[in-house]
Amino acid sequence: MLKTLSAELKKVNADKVRFEISRDNYEAFCNAAGLYKKEFIESFKKPDADHKAGRVTKRKTLLEIIENPV
């Protein structure tokens, strides 16, 4: 069953769009965006295991990741 979500557009400029949803619609929004899908949740396990094992690289900027992908 599809649920219509309402959001209030707060600010628009060339680079950003900001919207707000109510607390009542938050769960429906997460579901619609796929944040509850098993594949999405599973995608956090490997990075979390790497972090716990100490396999991390400290970066100062996002540009470092773009220029030197692993």
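The values are calculated or read from the model by the stated rules, or taken from the named source; none is laboratory data. For clarity, every value in this text was computed on a predicted model and none was experimentally measured. With ideal geometry, Cβ positions are generated from the backbone for all residues, glycine too; neighbour counts draw on all protein chains shown. We work out accessible area using only protein heavy atoms, side chains counted, and drop any ligands, DNA or RNA first. Shrake-Rupley method; radii C 1.70, N 1.55, O 1.52, S 1.80 Å.
A few comments on the model shown:
- Residues of the range 20-42 that turn out to be more than 23 Å from K10 (Cα to Cα) and among the aromatic types (F, W, Y), as a count: 2
- Within the range 37-65, considering residues that are part of a loop (DSSP other than H, G, I, E, B) and open to solvent by less than 100 Å² (accessible area, probe 1.4 Å), the one nearest to E27 (Cα to Cα): S43
- Among the candidates A32, A7, A28, the residue that is surrounded by 10 or more Cβ atoms within 10 Å (Cβ to Cβ), in contact with a Phe, Trp or Tyr (Cβ under 6 Å, 6 or more places away or on another chain) and farther than 30 Å from N68 by Cα is uniquely A7.
Yes or no, residue by residue, for (1) β-branched (V, I, T); (2) modelled with pLDDT of 85 or more:
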{"site": "E8", "(1), (2)": "no, no"}
{"site": "A14", "(1), (2)": "no, no"}
{"site": "E20", "(1), (2)": "no, no"}
{"site": "C30", "(1), (2)": "no, yes"}
{"site": "H51", "(1), (2)": "no, yes"}
{"site": "T57", "(1), (2)": "yes, no"}
{"site": "L62", "(1), (2)": "no, no"}
